[in-house]
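Enquirer: The structure's right below; bear with me while I get my questions together.
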Amino acid sequence: MWLSSRLSVVVGGTLVLAQPAAVHSQLATVTSKDGTRIGVECAGTGPTVLFVHGGVGDRTRWTPMFPLLSSKLTACAMDRRGRGASGDSPAYSMSKEAEDVAAVVNSRSGPVFVLGHSYGGVVALEAALLTNRITGLMLYEPPLHEPVGNNLAVADRLDEMVKTGDLEQALLTFQTEIVKQSPEELARMKARPTWPGLVATIAVQPRQMRALSAYRFDAGRMKSVTMPTLLLLGDKTSSPYAKQSIAALRASLPKPTLAILEGQAHNAMEGAPELLAGAILKFVESLPLSR
């Protein structure tokens, strides 16, 4: 696979990312603990940064980031189970997803950094408790404090919409009522070429919402997440629960760093990929690659 790139990017007036005209990526599979095959696409050289996508979409939502990073890092994006090139299992749980991430991390050589977005951030956080191979963890607005009753009620409604084939309305409902996206940000999402792919994956969203409703954030457990952690928050993010989650992680993790993504909400990988790439590189380059 070939991914196009820009020749150079300047972030914050200081960081310059010089890139070739295109980067070549390879798709492989890794076997998770329960035997499920997990698809992973990678490009570049150097330490690995693994992207764990959120509740909607698949790895292709993150592969456009590859050209911005692949001159310094091996950028990898995995398909979470039930998506894209990954398999699935009859029984679903968040713990299985955490095992998937840990399996991919353990399959990589050298330092591995993990960036989890939204629901993928919760999965990445749990994976950090399963493997000691994560050099640095990046969590972009993980939904640790969503109201349980509302999540379950919306999940039931999404199931009905999926059954009747109204997938786009299901996605709109999820983005509006759960992610709390503004009409302006939602309009930008609909205008992007990734929108059909997001619509296509909404059918597996209800099971994730139910798993998240059963999840209980335990600040005491965070003492075991000993690797440096970058907490990413858009300054335009409208969800109070995202802000609450970031605050809770900042207060409980041993080594947190907060990065505010100026002018962005929940989807900086699409709205300002250069800005997000700059934050990733700054974090990676600040750490000794000894893990």
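The values are calculated or read from the model by the stated rules, or taken from the named source; none is laboratory data. No experiment lies behind these values; they were computed from the predicted model shown. Please note: Cβ atoms are built from the backbone with ideal geometry, for glycine as well, and neighbour counts cover all protein chains shown.
Enquirer: Within region 190-234, which residues are of a type in the set (A, V, I, L, M, F, W, C), within 16 Å of the chain's Cα centre (by Cα) and under 14 Å from A124 (Cα atoms)?
Expert: Within region 190-234, L212, L230, L231, L232 meet the criteria.
Enquirer: Can you find even one residue in region 65-84 that is surrounded by fewer than 24 Cβ atoms within 10 Å (Cβ to Cβ), in contact with a Ser or Thr (Cβ under 9 Å, 6 or more places away or on another chain) and within 14 Å of E270 (Cα to Cα)?
Expert: Checked region 65-84: no residue is surrounded by fewer than 24 Cβ atoms within 10 Å (Cβ to Cβ), in contact with a Ser or Thr (Cβ under 9 Å, 6 or more places away or on another chain) and within 14 Å of E270 (Cα to Cα).
Enquirer: Listed residues E168, E146; which is acidic (D, E), touching a helix residue (DSSP H, G or I) at 6+ places or on another chain (Cβ under 6 Å) and in contact (Cβ under 8 Å) with a residue 60 or more places away in the chain?
Expert: Answer to the selection: E146.
Enquirer: If you take the residues of region 239-267 that are assigned to a loop (DSSP other than H, G, I, E, B) and surrounded by 15 or more Cβ atoms within 10 Å (Cβ to Cβ), which of them is modelled with the lowest pLDDT?
Expert: S239
Enquirer: Given the residues L276, L281, L230, which is the only one that is closer than 24 Å to F66 by Cβ and surrounded by fewer than 23 Cβ atoms within 10 Å (Cβ to Cβ)? Don't jump to the end; show me each part of the working.
Expert: Numbers: L276 fails: surrounded by fewer than 23 Cβ atoms within 10 Å (Cβ to Cβ); L230 fails: surrounded by fewer than 23 Cβ atoms within 10 Å (Cβ to Cβ).
Criteria check complete, one pass: L281.
Enquirer: Taking A170, is it farther than 28 Å from L249 by Cα and buried (at least 18 other Cβ atoms within 10 Å of the Cβ)?
Expert: Answer is yes for this residue.
Enquirer: Continuing with this model, one more query. State which residue pairs qualify: first residue closer than 14 Å to F66 by Cβ and inside region 26-51, second residue charged (D, E, K, R) in any location, beta carbons under 6 Å apart, and separation of 6 or more residues or different chains.
Expert: L27/E41; E41/R59; G46/K72; T48/R108
Enquirer: Kindly provide the set of residues from region 31-64 that are crowded, with 20+ Cβ neighbours inside 10 Å and part of a strand (DSSP E or B), ordered by number.
Expert: Listed by number, the residues that qualify are I38, G39, V40, E41, C42, A43, G44, T48, V49, L50, F51, V52.
Enquirer: I've got another one for you. Just to check your reading of the model, which residue among E99, E126 is free of Cβ contacts under 8 Å to residues at least 40 places away in the same chain, within 16 Å of the chain's Cα centre (by Cα) and buried (at least 17 other Cβ atoms within 10 Å of the Cβ)? Steps first, please.
Expert: Details: E99 fails: free of Cβ contacts under 8 Å to residues at least 40 places away in the same chain.
Going through E99, E126 in turn, just one is free of Cβ contacts under 8 Å to residues at least 40 places away in the same chain, within 16 Å of the chain's Cα centre (by Cα) and buried (at least 17 other Cβ atoms within 10 Å of the Cβ): E126.
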